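Single-structure report; data block below.
The values are calculated or read from the model by the stated rules, or taken from the named source; none is laboratory data. Keep in mind that what you see is a predicted model, and the values were worked out from it rather than measured. Cβ sites come from the backbone with ideal geometry, for glycine too, and all protein chains shown count toward neighbours.
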Amino acid sequence: MAARWRPSADGASFRPPAAAGRWPRPSRSRFDSSWVSEEARRVSSVWFSWWTDADWVVRGVFVLLLAMSVASWATILHKAFQLGRYREVESRLAKALDDGQADGRLKTHTGPSRDAIGLLAQGLRGEVLDSRLAHHLREQRVNLESGFVVLASIANTAPFVGLLGTVWGIMHALQGLGESSSLTLAMVGGPVAEALVATAAGLFAAIPAVIGYNLLLRRLARLMVMLEGNAQRLAALPTASPAALVALHSGEAA
């Protein structure tokens, strides 16, 4: 469809471009990424200048905090996987016991309740079985709590380690400023800000440890409730041991 000629507001006419009556497209300017690299270099020089300007004590503090952070995350991931797997296995055992299909599940069970199954296979009953099961649950709790001490220690000590690096860095910076004849705000604020990075690093190491400790402790409490329930279910089995328990005790493949 041909473009119509219309007068403009001041009465003058205008002409569209000759090519099919289309307006010319604005030229695309090439994106200049030089400022991005400059900004990245500036940020890296600001945030990591503390490492080049720090002495061996502050560097040791940062290395220690890095090791604490790695140990914290490794413990959190390991315990989360372990507790989750045990919870799934114990849930299957509880369902099998409730449905009366425990024979096959007891032979292949690999969760914390395996020792309790072994006690039942020995023919223990009554108060003796209850006492041994209670002792078994206490042992399982101690074993499952392994690694919690690491998280608690990191959560409690990492902020103080970072504070030590900050205090030492400020003291080192003030000693250097004391040798200068003229002081400015930039000369004071720069070293102090760099020293405060140690406190931030300590918090970055401690906060995940605190959160992970609390979440894992909650998971452990739920798992212990499930273990206690399975122990009660095992103790309530008939006096005559199932064939699966006999096979488990004697090592035969039933």
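Below are the figures for this structure:
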item	result
Residues within the stretch 129-185 that are modelled with pLDDT of 85 or more, hydroxyl-bearing (Ser, Thr, Tyr), closer than 30 Å to VAL225 by Cβ and part of a helix (DSSP H, G or I), tallied	1
Residue match in the stretch 68-84 (condition: modelled with pLDDT under 90, crowded, with 19+ Cβ neighbours inside 10 Å and in a helix (DSSP H, G or I))	no
Evaluation of ALA195 against (1) surrounded by fewer than 16 Cβ atoms within 10 Å (Cβ to Cβ); (2) at pLDDT 70 or above (one fails), failing number	(1)
For THR110: the one exception among (1) closer than 30 Å to LEU234 by Cβ; (2) part of a helix (DSSP H, G or I); (3) of a type in the set (S, T, N, Q); (4) modelled with pLDDT under 70	(2)
